[in-house]
1. Taking the residues in segment 38-47 that are touching a residue at least 24 places away in the same chain (Cβ under 8 Å) and surrounded by fewer than 19 Cβ atoms within 10 Å (Cβ to Cβ) as candidates, determine which candidate is nearest to Lys67 (Cα to Cα).
2. With Leu149, Leu134 as the choices, which residue is among the aliphatic types (A, V, I, L, M) and more than 12 Å from the ligand (Cβ to nearest atom)?
3. Can you tell me how many residues within segment 152-168 are open to solvent by less than 90 Å² (accessible area, probe 1.4 Å) and either more than 8 Å from the ligand (Cβ to nearest atom) or part of a loop (DSSP other than H, G, I, E, B) (or both)?
4. Just checking, which of Gln220, Gln234, Gln197 is under 30 Å from Glu102 (Cα atoms), surrounded by 15 or more Cβ atoms within 10 Å (Cβ to Cβ) and of a type outside the set (D, E, K, R)?
5. Out of Asn205, Asn171, Asn123, Asn179, which single residue is within 16 Å of the ligand (Cβ to nearest atom) and either of a type in the set (S, T, N, Q) or open to solvent by 10 Å² or more (accessible area, probe 1.4 Å) (or both)?
6. Could you tell me whether Leu134 is in the same structural domain as Thr109 (by TED's automatic domain parsing) and out of contact with any Cys (no Cβ under 9 Å at 6 or more places or on another chain)?
7. Within the group Glu93, Glu102, Glu54, which residue is assigned by TED's automatic domain parsing to the domain that holds Ala133, open to solvent by 20 Å² or more (accessible area, probe 1.4 Å), modelled with pLDDT of 90 or more and touching a strand residue (DSSP E or B) at 6+ places or on another chain (Cβ under 8 Å)?
8. Write out, first by first residue and then by second, each pair whose Cβ atoms fall under 7 Å of each other, whose residues are 6+ apart or on separate chains, and whose first residue, in segment 111-133, is farther than 20 Å from Glu23 by Cα and among the charged types (D, E, K, R) while the second is part of a helix (DSSP H, G or I) and open to solvent by less than 10 Å² (accessible area, probe 1.4 Å).
Amino acid sequence: MKCIILSVVQYKEKDAIVQAISENKSFSFLARGILDPKSKNAMINNPLTVVELELSEREDFKYSILKSASILLSPLQLMDKLEKLAAIQLIDELILKCLDEEEKAQIFTAVLKVLHDLKEGVNYLDVILFFTALVLKLSGYGFEVDHCLFCKSKKDIVGFSFDDGGFVCQNCDEGRFTNEFSKEELLFLRLLFKARQSEDLTHHNLIEISKIKMLRRLVQFIKDNLGVSLKSAQLILE
Ligand SMILES: [Zn+2]
């Protein structure tokens, strides 16, 4: 079974309970001895490692037990750049803190994609923004980016209201949101919130400073609405 490791928590001595996702499933299992660096499975003790797992069930024990694991993609292979490490940490933190079990079960394909994108050298901020928007959508925070959220007009979109939930046109704006985002940034917000899990995010040319601004705004939105403070985002935003 192909899986992605989310977290590893010590259970007894060098044994650990590992949280993972596979296609349509979120689950935990017991991995004996993996906290010992000499263990043949020690490599899975890294969040967002992609592994082929073999588990065995035991009737008298609530967790499945790890029989064997072979690494398909390790985040250690992506550590050639510090920014990729920051991206990995933030993506893992978003999954663990913002999604419930049912939502985690739906995110496998998207996580695989962001890992491959990072490996292929796609801009780390694009990867993070795409994933953050996806997590928001999965948590029930969709935004109206097809027309003005108040009057449904498709013309003269001048702003984006995080509080009200999407695009605002010139008529409805009344000077409130006009200045926060540029035209390019509004188009990028549309791309972000329309994106599918398999979206190619490289077809835009938003400047880096705008991407940082978007990320700061999304991180603030998550703090205000989900009550989640994303520690690893600070590495990128500072
Ligand atoms: Zn309007």
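1. Taking the candidates together, the pick is Ser39.
2. Leu134
3. 11
4. Every option except Gln197 fails the conditions.
5. Matching residue, one of Asn205, Asn171, Asn123, Asn179: Asn171.
6. For Leu134, the condition - in the same structural domain as Thr109 (by TED's automatic domain parsing) and out of contact with any Cys (no Cβ under 9 Å at 6 or more places or on another chain) - is met.
7. Testing whether each residue is assigned by TED's automatic domain parsing to the domain that holds Ala133, open to solvent by 20 Å² or more (accessible area, probe 1.4 Å), modelled with pLDDT of 90 or more and touching a strand residue (DSSP E or B) at 6+ places or on another chain (Cβ under 8 Å) leaves just Glu102.
8. Note: pairs meeting the criteria are Lys119/Leu78.
The values are calculated or read from the model by the stated rules, or taken from the named source; none is laboratory data. For clarity, every value in this text was computed on a predicted model and none was experimentally measured. Glycine gets a Cβ as well: all are built from the backbone with ideal geometry, and neighbour counts include every protein chain shown. Just the protein is used for accessible areas: all its heavy atoms, side chains included, with ligands, DNA and RNA removed. Shrake-Rupley method; radii C 1.70, N 1.55, O 1.52, S 1.80 Å.
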